[in-house]
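One structure is given here, and the rest of the page talks about it.
The values are calculated or read from the model by the stated rules, or taken from the named source; none is laboratory data. The structure presented is a predicted model; accordingly, all values stated were derived computationally and were not measured. Every residue, glycine among them, receives a Cβ derived from its backbone with ideal geometry; neighbour counts consider all protein chains shown. Note: accessible area is taken over every heavy atom of the protein model, side chains too, but ligands, DNA and RNA are not part of it. Shrake-Rupley method; radii C 1.70, N 1.55, O 1.52, S 1.80 Å.
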Amino acid sequence: MSLKQKTLSGVRWTTLSSVVVVVAYLLQISILSRYLAKEDFGIVSIAMVVLGLAQAFVDMGFSNAIIHKQDATKIQLDTLYWLNIIAGFTIFGVLWLSASSIALFYSETRLEDVLFWIAFNFVIQPFGIQFKVLLQKELKFNTVSKIEIVGAIAGFLVAVTWAIMSPSAYALVFGFLTTSFVTTFLFFANGFKVNPPSFQFKYAEVSDFMSFGMYQMGERIINYFNSQFDVLLIGKLLGTETLGVYSIAKQLILRPAQVINPIVTKVTFPVMAKMQNDIPQLRSIYIKTINYLSSINFPIYGALFILAEPVVLVLFGEKWLDAVI
């Protein structure tokens, strides 16, 4: 299969995966919004901001570094694999130790237990990160998409079942953890057969990856603070109920870009990495990417602006009308 054929196949599979994931997400939030209190969404929003920030430290920018560098050796991949796992367990420990302080800062005792459970993501996810990246690097998006679809459906079923049987913030927490566990297990099971990591660790072998990754991690952290500072501020100053309403609106608004953009960028990044020495071709791919994304996103966000009230009523119900504005 040629590079162009692999690219088109990747776009098709990524589109399918994104559509299934967004439908599962919207159904989940629509159902949960009718069972859970606004405070539940606010508490989990704060926890997810903490989770997202910690995630940047676990990955350490290695994912993009592996895709960018086309000739990674076995010992380099093994070393990066164990670095991710070490980072994951370290972040897990830091979150457990700091959970009570974060809960105290927000004057929300329930946040402590939510953070305790959310922290388990960091002893699960690192075992599958590299296997997913290697599949993306080789443009095997059919496998990636199938795994992501299975994970999204599993998380949806757990979250909805939990919300119906025992309405609380834990419906969101355990739905998220289920998705993380299922996808990690499947990526690990698939990747271990092809490229099982061995017990070798040579830090000196990955200096180039560390240099590339640190810039990636720094950029992610700054952008993340820029995009999530509002959640931290509202949760502290206005309380979790107000944050719950705000988070529903924000998640709905961010979801189209979070779904649509990766359909293109997940595929184009590894393709561009393979063509990194052909500057004119890179420029052409980049311009086309921006063009495609803008052409799709602009009409969607225009429609959301105009139809905010009926969208909120249909998806979440009358008690969430404060989210319209």
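State whether one or more residues within the range 79-102 are touching a helix residue (DSSP H, G or I) at 6+ places or on another chain (Cβ under 7 Å), free of Cβ contacts under 8 Å to residues at least 12 places away in the same chain and open to solvent by 20 Å² or more (accessible area, probe 1.4 Å).
Checked the range 79-102: no residue is touching a helix residue (DSSP H, G or I) at 6+ places or on another chain (Cβ under 7 Å), free of Cβ contacts under 8 Å to residues at least 12 places away in the same chain and open to solvent by 20 Å² or more (accessible area, probe 1.4 Å).
So, in the range 109-124, of the ones that are open to solvent by 30 Å² or more (accessible area, probe 1.4 Å) and outside any helix (DSSP H, G or I), which residue ends up nearest to F185 (Cα to Cα)?
Restricting to residues being open to solvent by 30 Å² or more (accessible area, probe 1.4 Å) and outside any helix (DSSP H, G or I), the top hit is F120.
Looking only at the range 133-148, decide whether some residue is touching a Lys or Arg at 6+ places or on another chain (Cβ under 6 Å) and within 18 Å of G61 (Cα to Cα). First the steps, then the outcome.
Taking the range 133-148 and keeping what is touching a Lys or Arg at 6+ places or on another chain (Cβ under 6 Å), we get 139.
Going one step further and asking which of them are within 18 Å of G61 (Cα to Cα), we end up with none.
For the range 133-148, residues touching a Lys or Arg at 6+ places or on another chain (Cβ under 6 Å) and within 18 Å of G61 (Cα to Cα): absent.
Tell me, please, whether a residue that is more than 18 Å from the chain's Cα centre (by Cα), at pLDDT below 85 and farther than 16 Å from I129 by Cα can be found in the range 85-94.
no
Of these, K193, K250, K202, K236, which one is at negative phi, charged (D, E, K, R) and within 18 Å of the chain's Cα centre (by Cα)? Write out each step before concluding.
Numbers: K193 fails: within 18 Å of the chain's Cα centre (by Cα); K202 fails: within 18 Å of the chain's Cα centre (by Cα); K236 fails: within 18 Å of the chain's Cα centre (by Cα).
Answer to the selection: K250.
Among A273, A257, which is the only one that is small (G, A, S) and within 25 Å of Q228 (Cα to Cα)?
Numbers: A273 fails: within 25 Å of Q228 (Cα to Cα).
Of the residues listed, the single one that is small (G, A, S) and within 25 Å of Q228 (Cα to Cα) is A257.
Given the options N291, N297, N277, name the one that is over 18 Å from G52 (Cα atoms) and not in a helix (DSSP H, G or I). Reasoning before the result, please.
On the way: N291 fails: not in a helix (DSSP H, G or I); N297 fails: not in a helix (DSSP H, G or I).
Testing whether each residue is over 18 Å from G52 (Cα atoms) and not in a helix (DSSP H, G or I) leaves just N277.
If you scan the range 49-95, which residues turn out to be polar (S, T, N, Q), in a helix (DSSP H, G or I) and more than 30 Å from L233 (Cα to Cα)?
Correct list: S63, N64, Q76, T79, N84.
Considering only the range 251-271, I want to know if a residue exists there that is at pLDDT 80 or above and exposed (fewer than 13 other Cβ atoms within 10 Å of the Cβ).
yes
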